[in-house]
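Each remark here refers to the structure printed beneath this line.
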Amino acid sequence: MMRTTKTGLVLDEKDTAIVRMLMENGRTTYREMAEALGISDVAVRKRLARLERSGVILGYTAVVDPKALGFRVVSLTGVDVEPGDLIRLARELSSRDYVKAAWITAGDHAIMLEIWARDEEEMERILKEIEQMRGVTRVCPAVVTETLKTRC
């Protein structure tokens, strides 16, 4: 099955399989992908380069356990803002070290954040800091009690 990306790039089944393999294990080697797909290492490298250039693959990263790094409290936090302050606040919040992921949404909250804190006191301080930002109208934290899945 062929798929077309928003940039007009056509992905065939081999491209889709490469993306899926990397999403499952970002350390999959060229050789492993080539063997699974029945193509050469060079063909895999060329396909990966095209996927990276076209913006299908944005980068490679490690999936880590916040608790193993000393962050005992993780919150998925919705932030409601004054309409004219959305972009400014989204950028400002995204730049904070405690924000590990951020999204502008069309759901219940204008901005959604994944926040990591070392303990409850630090999380409380962070949430108060966000509440006091000009243009913020409401902060709705949901503390994660158990992570069931972290990959796409």
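The values are calculated or read from the model by the stated rules, or taken from the named source; none is laboratory data. Worth saying up front: this structure is predicted, and the values here are computed from it rather than measured. Virtual Cβ from ideal backbone geometry, glycine too; neighbours counted across all protein chains shown.
So here's what we get for this one:
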read-out: Matching residues in the range 44-64 - criterion: being in contact (Cβ under 8 Å) with a residue 12 or more places away in the chain and out of contact with any helix residue (DSSP H, G or I) (no Cβ under 7 Å at 6 or more places or on another chain); value: 50, 54, 55, 60, 61, 62, 63
read-out: Lone qualifier among 27, 31, 53 - being at negative phi and either among the small types (Gly, Ala, Ser) or over 20 Å from the mean Cα position of the chain (by Cα) (or both); value: 31
read-out: Whichever residue in the range 33-84 is in contact with a strand residue (DSSP E or B) (Cβ under 8 Å, 6 or more places away or on another chain) and acidic (Asp, Glu) and, among such residues, is nearest to residue 18 (Cα to Cα); value: 80
read-out: Residue among 125, 72, 134, 47 that alone is modelled with pLDDT of 95 or more, under 30 Å from residue 8 (Cα atoms) and basic (Lys, Arg); value: 47
read-out: Selection from the range 123-147 of residues that are free of Cβ contacts under 8 Å to residues at least 40 places away in the same chain and surrounded by 15 or more Cβ atoms within 10 Å (Cβ to Cβ); value: 126
